[in-house]
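One structure below.
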Amino acid sequence: MDEVEFMRGRVYGADHDSPGPRAGRAYAHLVGGPLDGLLLDVTDLTGEERGRPVALATEIGRYGAGGRSAYAPRPGDPRRFDWHGDVP
């Protein structure tokens, strides 16, 4: 199994012992970039917050440890967040 296949369907920031989605939670799919295929838990975000871009910490982006990957909701489909690049 390669890294991409391993990460698909896992929740960003979830405990390694329980990485999958949980019932009763709302998720957005991360599309593109180093976090492609992961799910982002948006359950506790307001509608306004769900419409904002996010910068997610990741060690596998362009800037390595301490770097972040920028994702923003896809226009017309807020259940998908598209990658917009990596930031230090």
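Which of the following residues is open to solvent by less than 80 Å² (accessible area, probe 1.4 Å), at pLDDT below 95, within 25 Å of residue 65 (Cβ to Cβ) and under 10 Å from the mean Cα position of the chain (by Cα): 9, 13?
Matching residue, one of 9, 13: 13.
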Give me the pairs, please: first residue somewhere in the stretch 41-64 and in contact (Cβ under 8 Å) with a residue 12 or more places away in the chain and among the acidic types (Asp, Glu), second residue anywhere and open to solvent by 50 Å² or more (accessible area, probe 1.4 Å) and in a loop (DSSP other than H, G, I, E, B), beta-carbon distance under 8 Å, and either six or more positions apart or on two chains. 41/12; 41/13; 41/25
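Are there any strands (runs of 3 or more DSSP E) wholly within the chain with 1 or more residues that are among the charged types (D, E, K, R), and if so which?
Once the strands (runs of 3 or more DSSP E) in the chain are filtered for at least 1 residues that are among the charged types (D, E, K, R), what remains is 39-41, 68-74, 77-87.
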Looking only at the stretch 51-64, which residues are modelled with pLDDT under 95, farther than 14 Å from residue 36 by Cβ and either among the polar types (S, T, N, Q) or open to solvent by less than 80 Å² (accessible area, probe 1.4 Å) (or both)? 51, 64
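For the stretch 65-81, enumerate the residues that are open to solvent by less than 40 Å² (accessible area, probe 1.4 Å) and within 14 Å of residue 50 (Cβ to Cβ).
71, 72, 73, 77, 81
The values are calculated or read from the model by the stated rules, or taken from the named source; none is laboratory data. Please read all numbers here as calculations on a predicted model, not as lab measurements. Note that each Cβ is placed from the backbone with ideal geometry, even for glycine, and that neighbours are counted across all protein chains shown. Accessible surface is based on the protein model in full, side chains and every heavy atom, while ligands, DNA and RNA are left aside. Shrake-Rupley method; radii C 1.70, N 1.55, O 1.52, S 1.80 Å.
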